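The values are calculated or read from the model by the stated rules, or taken from the named source; none is laboratory data. The shown structure was predicted, so the numbers you read here are calculated from the model rather than taken from an experiment. For neighbour counting, all protein chains shown are included, and Cβ atoms are generated from backbone atoms with ideal geometry for every residue, glycine included.
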Amino acid sequence: MKLVGKVAVVTGAGQGMGRAIARLFAQEGAIVIGVDLKRESVEETFSGIDEKCLARSLDVTNSEDVKCLFDEAVLKYGRVDVVVNSAGIGSVDALVDTSDESWARVTGVNLTGTFYCLREAVRSMKATTTPGSVINISSTAALTGEGPAHYCASKAAVMGLTRSAAREVAALGIRINTIVPGPTNTPMMKGIPDEWTEAIIKGVPMGRMAMPEEIASVALFLACGDSSFVTGQNIAVNGGMAFI
């Protein structure tokens, strides 16, 4: 029960890594506000778990809606202790086939959405003097370049955002870190052609994909006091694919 009494916001909580993180945080005693485009998917995440958890619909690319969510959290609970920016999307566009709309959509969710939630997290933590933890989710594709250009670029930018923001707010007791997963058994991976998936797994020294729960365990470490002196770090969880 490492998060008893903590208030956590988890984006992308309707499936994949976000779902695993939201469930684990709730099981560890946190009040979890889980958000996704479809509220129903978050309600499924919390099925059979503590009734204190809240499911909300949120488009992370809408800055006003993001602000309203954090305002609601502070109004209801007095503070936000932990934020996990897990909302993300991908595509299989080749560089020359990437439309303006596809570029804007992928970078909008993966980078701009992460920025909006990070900004509101820091604002709320500063206002309530909460020594909080923000956890961003990147991808090993940002290091290897094995993926569509807009996806790799957005995930690489998340790591730079983490390092800059962490230095800026470290003296306030707000910690900001990034988890950099390798291929993980999530619905997003199921949208990738089989030959791509096979090639990716061949590049993993451990010879398999991660399970979402393995990513969630690292998020728990970064959310709780066990990582009290860890900030500005990009932590690879990728079966040995690459080291940062």
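Quick notes
- In segment 117-155, residue nearest to the chain's Cα centre (by Cα) [restricted to those that are in a helix (DSSP H, G or I), surrounded by fewer than 20 Cβ atoms within 10 Å (Cβ to Cβ) and small (Gly, Ala, Ser)]: ALA153
- Condition check for VAL92: free of Cβ contacts under 8 Å to residues at least 24 places away in the same chain, more than 29 Å from SER227 (Cβ to Cβ) and surrounded by fewer than 19 Cβ atoms within 10 Å (Cβ to Cβ): no
- Subset of segment 202-215 (residues that are buried (at least 16 other Cβ atoms within 10 Å of the Cβ) and either in contact (Cβ under 8 Å) with a residue 40 or more places away in the chain or part of a loop (DSSP other than H, G, I, E, B) (or both)): GLY203, VAL204, MET209, PRO212, ILE215
- Members of segment 166-201 found to be among the basic types (Lys, Arg) and either surrounded by 20 or more Cβ atoms within 10 Å (Cβ to Cβ) or at pLDDT 90 or above (or both), listed by number: ARG167, ARG175
- Residues within segment 1-59 that are in contact with a Ser or Thr (Cβ under 9 Å, 6 or more places away or on another chain), of a type in the set (Gly, Ala, Ser) and part of a loop (DSSP other than H, G, I, E, B), tallied: 3
- Of ASN110, ASN85, all but one fail to be polar (S, T, N, Q), in contact (Cβ under 8 Å) with a residue 60 or more places away in the chain and surrounded by 15 or more Cβ atoms within 10 Å (Cβ to Cβ); the exception is ASN85.
- Pick from segment 198-228, criterion of a type in the set (A, V, I, L, M, F, W, C) and over 20 Å from the mean Cα position of the chain (by Cα), ranking: farthest from VAL10 (Cα to Cα): ALA199
- Long-range neighbours under 8 Å by Cβ, at least six apart or interchain, first residue buried (at least 19 other Cβ atoms within 10 Å of the Cβ) within segment 222-244, second at pLDDT below 95 and among the aromatic types (Phe, Trp, Tyr): ALA236/PHE243
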